[in-house]
Amino acid sequence: MDLRVLGWRYENIRGGLRDVSISLDSSPGRWTLIQMPNGTGKTTTMSLLRAVFSGEALTPQEVYDLRAADITETGLFELRMSVNNKPFRIQLRLDFKNRTHQYWTARSEVRSGGLEEGISLPKELKRLLSRDFTRLFVFDGELAKEIRTVGKDRAANAIRILYRLDHLDMLNIKVGRLVEEQQQRSAAISTATERRGVARGKRQYETVVTRRTALETEQKELQKRRKEMEGRKTTVAALISGRIDQDEALRKRKEQLERERQNIDLSLLEAGHQGMSSLRVPAKIHPGIQQRLVALGGKLTHLKLPKTISVEFFKELAEQQDCVCGRPVTELIKRAILERAENYLAEDQILVINQMKAALRESSADPEEFTRVATQLASILRQLRLNTTAHDQLELERVEAGDTELEHLRQENQQLERDLDTTAQKIEKLTTRDPARQRALSASSENNIPLCDIEVKRCQEKLATATNTLRFVLQSECVKTLVSKISALAQLRLTERVRIATNEKLAQIVPSESLRVSRIGGALELESRQLSSKTGVSEGQSLAVAYAFLTSLLTEAPYKLPFIVDSPAVSLDTAVRRDVGDLIPELFDQMIMFVISSEREGFADAFYQREGVRYITLWRDGEDVTQAREGLEYFRSFHQREGTE
Amino acid sequence: MASPLYPELENAITEILSSANDQTREFRQRLRKLIENATLGNFTDDDVREVIELAVVDEELED
């Protein structure tokens, strides 16, 4: 990403900057020297550039202090720049009266080309241009001290941000958020996402599967036992029948009772069918029900229900030019009609309701039919009971006559009936799916196969969710660990590269002082034969270290940034100044340097022989208004003139 | 296409991923691509999730 400054403009800013425009052209030269004598707004310009790059919020007092004069009500600072060759204009609008400010941006992507509120730089660049980071390239002299102050972390942070290692921190934050989302989703099913919890879930699942197998085995055993008992019961019944047949009179009575029983069974079947048919016609159940159905049909007819127009009517209406009320059907009305048409019944639905109405109205049936069938059923059941008792009586008479074998057979038969009944109950409890029967039999997943199946499924789902979540957590940890290791190793290597490059530059700038960066931790740590502690570093040395570090940091970075510096050589010795003047200009694609007269010797004059240098001079005229003029001759003559004053 | 990474990051990725020899080749390739895209601020939740799900982990449970 390539950022270049194209120029800026002041309106009513302190330092006499009432209407001054600095233009570096759409293709700015590599170096710009701006000569601004003290009091013409050099420090103010640096502060405004930092503010506009970073979009920092100014305090009401800071806004007020920027005014050109007490009577000035508004002011403006506008920065023009290009980002990857696309032009941007950022304005800082100042309201001195209300002590407020606003940022506005104009960019080529906005079709109208107009201004929009706020700073609308590319996201990537906006993230980079924090207040602290901006101080690295709109160089703040204070930073020269801070990058050597342990605890400020300026040096290490600058490397991380500039080389996009903070993006890897953001990647790890994203991984963490995805884990949280996964855990929240699975929490509804299982909260067990750690190894121990998942192991517990696995044991629960295995227990319930084992129980399901045991219940199935029990069901099979009961069914087998029932089959055996039913077989034996048939045998016992045949043996009992054989015992009775040994007495001729009893045999005849038995055959008579059996014929009667066949007729009873047939009658019972017929009456049962008839009863079920009657139940399906509500009008046949009771005269009261029939009355109410006919009344409901009459009411629907009387009220003309369903009282609705069909959806088809509205769809046709939407296609008409005029509504039934005479008003024109516009596009808006057409859309509204079509949307609301869906609230009405379709013609086929209305037809069904009308058929129901007709059926209700015509509900005619014999309302006494079900009562008659029920009475008939009760009578047949009575006959059945009498027949069974009579048959039992035959067996008792035979037993009383001394047939002990029959007596034993009868006892065995009764026992078989009790056992079959108990077995049937057990099977029902094991297998019933009817919730009402399950409740009545106190069935649970411990003793009912369908309920146990539900429990198996629940435990399975719970275990799968917990296992998947656990796997995702472990996988995420793996990714985070690898990303952190990569980030740490890259930072270590970058830091070392920047440290070596810094020392190479220091060796060029201050060869005689053996000033070296021994380590870049949070801050720059220095070593020198002449230094006993960091407090022993002179201002010039401090600046030399800062330049060496910043040029090493910025020149190889993925972002191409301008280097803007105020009084770059003022605190350097003349010899060092010449070295800095020779070294630094080659390191940046764009340098903007604010200089004062005392920097002419050794620094500014080193540029006079270079090609592609822009020279601008700002000064205050007789009316205390700052003026700007471009050109080397004026720069030099003004420089000379100021020097002779 | 040339990698958008600078040598220090490129080498760190190669070195660390080479040592992760319990991971599959696909995981290592996808994680490298994800890091490349992340340094450009260009990745989606799905990109991250897909790479996570490729990681090989030991799921042995504790009793």
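Every number in this text was worked out from the coordinates using simple rules, so none of it is lab data. Note that the structure is predicted; figures quoted are calculated from it, not measured. Reconstructed Cβ throughout: ideal geometry from the backbone, glycine too, with neighbour counts over all protein chains shown.
For this structure, a couple of remarks:
- Within chain A, percent of DSSP bridges classed antiparallel, to nearest 5: 75 percent
- Here r is the Cβ-Cβ distance between A:E312 and A:E258 and R0 is 45 Å; the resulting FRET efficiency, rounded to 0.05, is 0.10.
- Modelled spin labels at A:D453 and A:S21, positioned 7 Å past Cα toward Cβ, are 8.5 nm from each other.
- Helical contribution to [θ] at 222 nm, DSSP H n ≥ 4, -39,500 (n - 2.57), averaged over the protein assembly as shown, rounded to 500: -19500 deg cm²/dmol
- Contact order, relative form, for chain A: 23 percent (alpha carbon pairs under 8 Å, 6 or more residues apart, mean separation divided by residue count).
- Lys pairs, region A:249-403 - Cα-Cα below 17 angstrom, 8 or more residues apart or on other chains: 5
- Sparsely packed trypsin sites (Lys or Arg not before Pro) within region A:307-349, loop by DSSP, other Cβ within 10 Å at most 16: A:K307
- Working note: Karplus 6.51/-1.76/1.60 with θ = phi - 60° gives region B:6-17 the couplings 8, x, 4, 6, 4, 5, 5, 4, 4, 5, 5, 5 Hz, where Gly and Pro are set to x.
- Average other protein chain Cβ within 10 Å of Cβ, residues B:14-23: 3
- Gyration tensor verdict on region A:358-441 (Cα atoms; rounded if a/c is under 1.5, prolate if a/b is larger than b/c, oblate otherwise): oblate
- Dipole of the protein assembly as shown computed with +1 at Lys/Arg Cβ and -1 at Asp/Glu Cβ about the Cα centre; of A:M1, A:V352, A:A501, farthest Cα towards the positive end is A:V352.
- Projected label points at A:K97 and A:E400, each 7 Å from Cα along the beta carbon direction, are separated by 12.7 nanometres.
- Modelled FRET efficiency - R0 35 Å, A:D153 with A:N84, Cβ distances, 0.05 increments: 0.70
- With a cut-off of 12 Å on the backbone N, no residue of region A:373-393 is near the modelled label site 7 Å out from A:H273 along Cα-Cβ.
- Spin-label pair A:E527/A:E56, simplified geometry with 7 Å Cα→Cβ offset, distance in nm: 3.5 nm
- Mean Cβ neighbour count within 10 Å, used as a protection proxy, ranking A:614-627, A:435-448 highest first: A:614-627, A:435-448
- Peptide A:465-475 has a mean of 3 when you count, residue by residue, the C-beta atoms of other protein chains within 10 Å of its C-beta.
- Counting, for every residue in A:166-176, the Cβ atoms of other protein chains within 10 Å of its Cβ and taking the mean gives 4.
- Extension reserve of the A:E368-A:L351 stretch, reckoned as 0.36 nm per residue once the Cα distance is removed: 2.9 nm
- Region A:249-403, relative contact order [Cα under 8 Å, separation at least 6], %: 39 percent
- Each other residue within a Cβ distance under 11 Å of A:A548 adds +1 if Lys or Arg and -1 if Asp or Glu, for a net charge of +1.
- The protein assembly as shown - charge dipole about Cα centre, Lys and Arg +1 at Cβ, Asp and Glu -1, debye rounded to 20: 640 debye
- Only Cα sites of region A:249-403 enter the Debye sum here, all with the same form factor; the resulting log10 I(q)/I(0) across q = 0.10, 0.11 1/Å is -0.65, -0.70, listed in q order.
- Using a Förster distance of 35 Å, the FRET efficiency for A:L384-A:V294 (Cβ separation, nearest 0.05): 0.40
- Shape class for chain A: oblate, because the ratio a/c of the largest to smallest gyration tensor axis (alpha-carbon atoms, square roots of eigenvalues) is 1.5 or more and b/c is at least a/b.
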